[in-house]
Amino acid sequence: MTLTLHYHPLSSFCHKALIALYETGVAFTPKSVNLGDPGERAAFAAVWPMAKFPVIEDSATGETVPEATIIIDYLDRHYPGPARLIPTDPDRARATRLIDRILDLYVHTNMQRVVGDRLRPADGKDPIGVENARREMSIGYDIVATALGDKPWMMGDDFTLADCAAAPALDYAARVHPYAETHPTLAAYYQRLSARPSYARVLKEAEPFRHMFPA
């Protein structure tokens with residue numbers, strides 16, 4: 001196998017990359033990294049200095065590819081599956097990337113800020129930051145729900161990068177800033193996502209680690 005994925009089974013952004021890998025069907029070697037282990041962290045930092053998940057190494061091209069969105073773009077270009085994760089039409093590709101950015105920046109990242117605040121000591125809490133994060137998540141929900149409409153997937157009948165981004169973002173976001181009552185179409189959409197074989201596999205693999213999430 002030419003591809004090695006450095007990841008952790010609980011990492012939400014790793015879930016995004018894993019969905020794409022399972023959708024394309026490309027073979028890869030998973031390499032779980034325990035960042036709490038100094039040796040493993042140092043070895044991972046030698047691959048990618050930021051030491052943040054996920055990262056793919058491609059021995060065939062010599063490329064090291066970090067960041068979930070960039071990984072999916074790389075897979076779509078060099079290891080495409082039966083269906084393209086990024087539409088070939090330029091306008092549809094731009095719309096897909098926009099939804100990906102909204103989900104990552106306003107839903108996914110703000111979810112991580114709320115979770116991060118839960119892990120802080122009592123004298124280090126940031127209630128204003130948490131309030132702002134929740135506000136941006138709510139706006140993100142509005143934008144994504146409007147873009148989704150009554151379509152099965154974000155871009156219509158085709159499963160794309162935007163859906164890879166939505167699955168883990170909506171999964172973890174529901175635990176810190178629930179949306180089922182305010183955005184029922186997103187809740188129904190997440191149910192479709194969780195039934196998709198690629199994401200169902202990711203969820204099953206993450207199950208033994210779920211207790212580690214600070215819900």
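Put the Cα centre of segment 46-81 next to the Cα centre of segment 112-133 and the gap is 31 Å.
The mean accessible area for residues of the chain, using a 1.4 Å probe and ignoring ligands and nucleic acids, is 49 Å² per residue. Across segment 1-64 the C-alpha pair distances fall into 5 Å bins from zero in the proportions 4, 18, 28, 27, 16, 6, 1 percent.
For LYS52, the lysines whose Cα falls under 18 Å of its own Cα, not counting residues fewer than eight places away in the same chain, are LYS16, LYS31. For the chain, the mean residue ellipticity at 222 nm estimated from helices alone is -17000 deg cm²/dmol, where every DSSP H run of n ≥ 4 contributes -39500 (n - 2.57) and the total is divided by all residues, rounded to the nearest 500.
Each of PRO66, VAL130, ALA95 was placed along the dipole of segment 49-140 (beta-carbon charges, centred on the mean Cα), and the one lying farthest toward the positive end is VAL130.
Expressed as a fraction of 2.2 N^0.38 Å, the value expected for a compact globular protein of N residues, the C-alpha radius of gyration of segment 1-113 is 1.09.
Under a Gaussian network description of the chain, with springs only between Cα atoms under 10 Å, the residue in ILE72, ILE143, ILE99 that fluctuates furthest is ILE143.
log₁₀ I(q)/I(0) of segment 84-141 at q = 0.15, 0.19, 0.21, 0.27 Å⁻¹, via Debye over equal Cα point scatterers, no solvent, to two decimals? These q points yield log10 I(q)/I(0) values of -0.53, -0.68, -0.76, -0.98. Three principal axis extents describe the C-alpha atoms of the chain; from largest down they are 46, 45, 29 Å. Between PRO121, PRO90, PRO178, the Gaussian network model of the chain with springs among Cα atoms under 10 angstrom shows the greatest mean-square fluctuation at PRO121.
The GNM of the chain, with springs linking C-alpha atoms under 10 angstrom apart, assigns the highest mean-square fluctuation among PRO54, PRO184, PRO82 to PRO82. Do any GluC sites (Glu not before Pro) in segment 110-204 lie in a loop, going by DSSP, with at most 15 other beta-carbon atoms within 10 Å of their beta carbon, and if so which? Answer in residue order: GLU181. Would you mind telling me the share, in percent, of accessible area of segment 70-215 contributed by carbon and sulfur at probe 1.4 angstrom? C and S atoms contribute 57 percent here. 3J(HN,Hα) along segment 19-29: 4, 5, 4, 6, 5, 6, x, 6, 6, 8, 9 Hz, from the Karplus curve 6.51 cos²θ - 1.76 cosθ + 1.60 with θ = phi - 60°, whole Hz, x for Gly and Pro.
Want the number for LEU119 to ALA83: 0.36 nm per residue separation, take away the alpha-carbon distance, what's left? Don't skip to the answer; put the middle values down first.
Numbers: separation 36, 0.36 × 36 = 12.96 nm, distance 4.00 nm.
So the extension gain works out to 9.0 nm.
The values are calculated or read from the model by the stated rules, or taken from the named source; none is laboratory data. Computed from a predicted structure; not experimentally measured. Please note: Cβ atoms are built from the backbone with ideal geometry, for glycine as well, and neighbour counts cover all protein chains shown. Note: areas computed on protein heavy atoms with side chains; ligands, DNA, RNA excluded. Shrake-Rupley method; radii C 1.70, N 1.55, O 1.52, S 1.80 Å.
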